[in-house]
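The values are calculated or read from the model by the stated rules, or taken from the named source; none is laboratory data. Bear in mind the structure is a predicted one, so any value in this text is a computation, not a measurement. Every residue, glycine as well, gets a Cβ built from its backbone with ideal geometry; the counts of neighbours run over all protein chains shown.
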Amino acid sequence: MADQSVVIIGLPSSGKTTFLAALWHLVTARDIPTALRFGGLGAGEASHLNAIARRWRDAKVQDRTAVAGNRLVSINLLDQTDNVVRATFPDVPGEAYRRMWEDRDCDPEIAEILQAGGVLLFIHSDTIRAPKWVVDEVELSKELGLDVPDNDNAPWHPRLAPTQVQLIDLLQMLRMPPLDTGPRRLAILLSAWDKARGEGLTPEMYLKSKLPMLSQYLERGADGWIFQTYGLSAQGGDYDPVEVSARPAAQAEELRALDSASMRIQLVGPIPETHDLTEPLRWLME
Ligand SMILES: Nc1nc2c(ncn2[C@@H]2O[C@H](COP(=O)(O)OP(=O)(O)OP(=O)(O)O)[C@@H](O)[C@H]2O)c(=O)[nH]1
Ligand SMILES: [Mg+2]
């Protein structure tokens, strides 16, 4: 059996757990054809996967992944020719990756996970922090009649850095000792694509226009990443918020009404649009 690992990385709230939930539903429900099929559970417990998949089916937003719980699960997946590949997916909270950028530190357990084969990088397409110019911000504030005190210095914090700066640093760390394992495949998943697709751009164009430095870093090939960009809506729209007191999402009701829950999934990119979110995994394991 080919033992292949895939590591899922992404800043906090980038869509990692939602992807795992939708994937687990898709391969166990088998209600639509998929490039990779479920061939049994390798290691770990299915209880976490079952719990997140249940929330996903109920159209409820996932809880933030707890820092204490790195749930490592191996799923055996079969390709078209019945070759078995064992994919190990950790559900790691985004804080672990944020910590790598902010403190240049990571737990040995996470470091081990990060030395897996292919990389799935999640970027929430609707919460990208773009670079900002102080002069533009001040001008805008003045136009809006807001108070702009002179000589008011805001201390800088790494968390304020644009999304693309944080992600490039993360990718560079994966190509440096002690995490480097040679050139790797990288699937970039622009999550919550339902929020972005109205702009009429392909995922590749979206990456170029919203995260130009990241796109240039990858295209330049300095770190040898072999990459592909996908737009993924693992929910198909907004789900009901975690807080019980909050108003339910209008889209969630429509999504629950679909005959088959797997039809909520929308994946666009180098392949024709599909509900099959095993496609980037198939490409990573090729
Ligand atoms: N509209 C929309 N929202 C999505 C989609 N996928 C994820 N989200 C939202 O994005 C937010 C983050 O999703 P999670 O899957 O919890 O993200 P995560 O990366 O696991 O977050 P941490 O565990 O905190 O690191 C949640 O509010 C999700 O509902 C989608 O396809 N469409
Ligand atoms: Mg999570």
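Structure above, values below:
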{"item": "Residues being closer than 26 Å to residue 260 by Cβ and within 19 Å of the chain's Cα centre (by Cα) - total across segment 58-86", "result": "7"}
{"item": "Cβ pairs under 9 Å, 6+ apart, first in segment 129-155 and over 28 Å from residue 12 (Cβ atoms), second modelled with pLDDT under 85 and surrounded by 10 or more Cβ atoms within 10 Å (Cβ to Cβ)", "result": "138/148; 142/148"}
{"item": "Residue in segment 59-67 that is under 18 Å from residue 264 (Cβ atoms), within 15 Å of ligand 2 (Cβ to nearest atom) and small (Gly, Ala, Ser) present", "result": "no"}
{"item": "Candidate set from segment 2-50 (those that are in a loop (DSSP other than H, G, I, E, B) and within 20 Å of residue 82 (Cβ to Cβ)); member that is farthest from ligand 2 (Cβ to nearest atom)", "result": "33"}
{"item": "Some residue of segment 166-180 being in contact (Cβ under 8 Å) with a residue 12 or more places away in the chain, exposed (fewer than 12 other Cβ atoms within 10 Å of the Cβ) and within 21 Å of the chain's Cα centre (by Cα)", "result": "no"}
{"item": "Residue match in segment 275-282 (condition: over 18 Å from residue 30 (Cα atoms) and part of a loop (DSSP other than H, G, I, E, B))", "result": "no"}
{"item": "Any hit, segment 38-54, residues being in contact (Cβ under 8 Å) with a residue 60 or more places away in the chain and either buried (at least 16 other Cβ atoms within 10 Å of the Cβ) or on the phi > 0 side of the Ramachandran plot (or both)", "result": "no"}
